[in-house]
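Peer 1: Take a look at the following structure, please.
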Amino acid sequence: MSIKVPFLDLEVVNARFRAEIDEATLQVLHSGWYIRGEQCRLFEQEFSRYCQTPYCVGVGNGLDAIRLILEGYKCLKMIKEGDEVIVPANTYIASILAISQSGLTPVLCEPSAVSYNLDASQVERYITPRTKAILAVHLYGQLCPMDALRKVADKHNLLLIDDAAQAHGATLNNVRVGALADATAFSFYPSKNLGALGDAGAVTTTHLHLAEAVRTLANYGSQERYHNLYKGINSRLDELLAASLRVKLPYLDADNEQRRSIAQIYLRGIKHPDIQLPFIADFQAHVFHLFVIRTARRKELVQHLSHCGIQTQIHYPVPPHKQPAYSEWNEKSFPITELIHNEILSLPISPVLTLEQAEYVVQCINRF
């Protein structure tokens, strides 16, 4: 028996909310206010409450969220041009682009070979007198060891920032991501655990002055119309996207629980000598944006699963230091990062994937 298993069917994901989104869209249409209006204000309140943090600023996308945090700290004179920011070498390139675009220096750090996230003991090796911040990236939905990273940051008087683009709803000691660092960047790209109907993002923080700086920078550097305090950018969460996010936010925890159900099937069922399953530090805290296995036979496995009607993806095939965009790093060697990028494979996982489909994926992998 062959079952079609798409990697992610966004039409099906969003069809569950169609009536509510239609109603919310009409409300925005009839309001006559389409940028930074009531829907954006309410979403910021609701998301900050969800994340257990006092401040949230809606922005245009996840890349801008990171960049605005860094630019905000520059406006507050807490970092300056050329300062170093430690970032995992195996992250998606957006985390690193934001550092470069802010006039700061990315310092690539090898991740843990077990969790693929930052290892606090490794981070300390990369700290220099120019280091001013650590940018933790919660890959695949599993949180970095934020308690340990906080100790390192406090010891060296560094800012601790996190990229939570893949970790909406994840928790550490019952505290949600968004309240675990000095500032947190979120992406609401459509495929995320909390996905908008287009590009969108947000910054959460416990620091009022940073929130004010981010909001101002994202509005051309302006707090008052036609008066510009900073050299800002245009990165604002529009009303239609905010409205769709308000519809979907109350369902996020249930969707994450469905992701855990799929992950549990994979973890219990996949038994193959050539497949390495992910290490899960805390199953209930993980939100499984992706379910990532490793195999030295990746190309063969992709072909086998494709023949079975199962779509897979690679997150990510080429590490940032091997990209043409960062040609100055192309000769650098990060063995753990390179091994991860050469062997990882993402299996289908989403809130609309059925348990039957997940069991079929397991059967096909075990027949490989």
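Peer 1: Considering only region 69-112, how many residues are within 17 Å of the chain's Cα centre (by Cα), open to solvent by less than 30 Å² (accessible area, probe 1.4 Å) and among the hydroxyl-bearing types (Ser, Thr, Tyr)?
Peer 2: Residues meeting the conditions: 2.
Peer 1: Quick one: which of Glu46, Glu11, Glu20 is assigned to a helix (DSSP H, G or I), under 30 Å from Tyr360 (Cβ atoms) and out of contact with any Ser or Thr (no Cβ under 8 Å at 6 or more places or on another chain)?
Peer 2: Glu11
Peer 1: Please work out if Phe288 is in a loop (DSSP other than H, G, I, E, B) and either open to solvent by 60 Å² or more (accessible area, probe 1.4 Å) or in contact with a strand residue (DSSP E or B) (Cβ under 8 Å, 6 or more places away or on another chain) (or both).
Peer 2: Against the criterion (in a loop (DSSP other than H, G, I, E, B) and either open to solvent by 60 Å² or more (accessible area, probe 1.4 Å) or in contact with a strand residue (DSSP E or B) (Cβ under 8 Å, 6 or more places away or on another chain) (or both)), Phe288 does not qualify.
Peer 1: Still on this structure, I have one more. Sort out which residues of region 113-131 are surrounded by 24 or more Cβ atoms within 10 Å (Cβ to Cβ) and over 16 Å from the mean Cα position of the chain (by Cα), and write them in order of number.
Peer 2: Listed by number, the list holds a single entry, Val123.
Peer 1: If Gly103 meets every condition in (1) part of a loop (DSSP other than H, G, I, E, B); (2) touching a residue at least 40 places away in the same chain (Cβ under 8 Å) apart from one, which number is that one?
Peer 2: Failed condition: (2).
Peer 1: Would you be able to tell me the number of residues in region 259-281 that are under 21 Å from Ser115 (Cβ atoms), open to solvent by 40 Å² or more (accessible area, probe 1.4 Å), out of contact with any Ser or Thr (no Cβ under 8 Å at 6 or more places or on another chain) and not in a helix (DSSP H, G or I)?
Peer 2: So the count comes out to 1.
Peer 1: What pairs come out if I take residues in region 154-169 that are more than 18 Å from Thr204 (Cα to Cα) and pair them with residues that are of a type outside the set (Lys, Arg) and open to solvent by 20 Å² or more (accessible area, probe 1.4 Å) whose C-beta lies under 7 Å away, six or more apart or interchain?
Peer 2: His156/Ile127
The values are calculated or read from the model by the stated rules, or taken from the named source; none is laboratory data. Just so you know, these numbers come straight off a predicted model, no measurement behind them. Please note: Cβ atoms are built from the backbone with ideal geometry, for glycine as well, and neighbour counts cover all protein chains shown. Remember, those area values only see protein heavy atoms, side chains included, never the ligands or the DNA or RNA. Shrake-Rupley method; radii C 1.70, N 1.55, O 1.52, S 1.80 Å.
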